[in-house]
Amino acid sequence: MESPPELSKAIPPDGPREPILTLPGALSAFVVLLAVVHLRVLLPPELENWTIDAFGFIPKRYDSTLLAIDFPGGAGAKVWTFVTYSLLHANLSHIGFNVLWLLPFGSALARRFGAIRFFVFMAVTAAAGALAHPLTHEHGVAPMIGASASVSGTMAAAIRFAFVKGSFLSFSRGDADAAARVPALSLIRALRNARVLAFLAVWFGVNIIFGLGSIAIGTDGASVAWQAHIGGFFAGLLLFSLFDPVPRALPEAADASSPDVPNSG
C-alpha cells in the first residue's frame, strides 16, 4: 500500500508575499499611543478637563489683544500643543474614524519612510493643521483635538506614489513593502495625473460638504476644523519630497493609469 502523499507546501515562485494590509510597526505603535493617551477618560472630570486644556490646541492661547486667560500648561503649552492636540480624541469612534483612514495610507507611508521619518512627518503635518486653524478661529477658546490633520497629511503624501504602477492602489502590485516603495511622481506630474486630480476633487469636495463648520467630536465643543484638515493636507503634499527616501521616478516612467503600459499581472 502506498503511503499517503505529503501535504504540499506551495510557495509562490517569487517567494512569500506579505499581506498588503499588515500594519507596519511604526503605524501600530502610533495606534497604540492614541489608545494609551485616550485612557485619560478614566481620570476624574476635573483632571480630564485640565488635560484637554493643557494639551489641546487653543488659538486664544496665542492671542494677546483681548482679555488675558490663564490656560493650563503655561508657556510650554504654546509649543507642545502644536503636536499634542493630535493625540487626544473625544471618544473611541473618533479614534476609529482616524485609524480607518490611516490603514491604507498611513501603512504605505510608514513602510516607505521608516519609523523616525514617519513620526516626524506626523508631527509636522499636525503642526501645519494647528497653524491653519487660527486663520478663522483667531480668538477661539475651544480646544482643538484629533489626528485628522495628520491623517489628511498622510493621504496627501501617499497620492504622490499611490497610483504609480505597482503601488498599493494600483491594479498591479507586489508585496506590501514593494508596493510602498515604488518611485513617486514629482509634484508637477502628480498634479497632471487624472487619478490624483480625481482624488483631490473628491477629498476637497467631502471637506467642503462636511467641513464648512467644524466636525464635532464631543459635547464639550472641541472640534477639528476643516482648516486643520487642509493645513495638514497641503503640508503632506508639498513636504513629501523632504521625507521620501526612495529615488524619484524617471520622467518617462508611466503610472498605472497609462493605457499603453502592459500589465505585468
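The values are calculated or read from the model by the stated rules, or taken from the named source; none is laboratory data. Everything numeric here is computed off the predicted structure, so don't read it as measured data. Every residue, glycine as well, gets a Cβ built from its backbone with ideal geometry; the counts of neighbours run over all protein chains shown. To get the accessible areas, we keep the full protein, side chains included, count just its heavy atoms, and leave off ligands, DNA and RNA. Shrake-Rupley method; radii C 1.70, N 1.55, O 1.52, S 1.80 Å.
Residues A90, A35, A110, A77: which one is at pLDDT 85 or above and either outside any helix (DSSP H, G or I) or in contact with a Cys (Cβ under 6 Å, 6 or more places away or on another chain) (or both)?
It is A90.
Select from the range 21-30 the residues that are open to solvent by 40 Å² or more (accessible area, probe 1.4 Å) and hydrophobic (A, V, I, L, M, F, W, C) and list them in ascending order.
Residues satisfying the conditions are L21, L23, A29.
Somewhere in the range 45-64, is a residue open to solvent by less than 30 Å² (accessible area, probe 1.4 Å) and farther than 24 Å from S150 by Cβ?
yes
Being open to solvent by 50 Å² or more (accessible area, probe 1.4 Å), at pLDDT below 85 and part of a strand (DSSP E or B) is true for just one of I209, I215. Which residue is that?
I215
Could you check the range 120-140 and list, in sequence order, the residues that are more than 20 Å from P245 (Cα to Cα) and in a helix (DSSP H, G or I)?
Those that are more than 20 Å from P245 (Cα to Cα) and in a helix (DSSP H, G or I): A126, A127, A128, G129, A130, L131, A132, H133, P134, L135.
Within the range 184-194, which residues are surrounded by fewer than 17 Cβ atoms within 10 Å (Cβ to Cβ) and under 21 Å from the mean Cα position of the chain (by Cα)?
Correct list: S186, L187, L191.
Please count how many residues of the range 141-183 are open to solvent by 10 Å² or more (accessible area, probe 1.4 Å), out of contact with any Phe, Trp or Tyr (no Cβ under 6 Å at 6 or more places or on another chain), assigned to a helix (DSSP H, G or I) and under 26 Å from H229 (Cα atoms).
Qualifying residue count, the range 141-183: 1.
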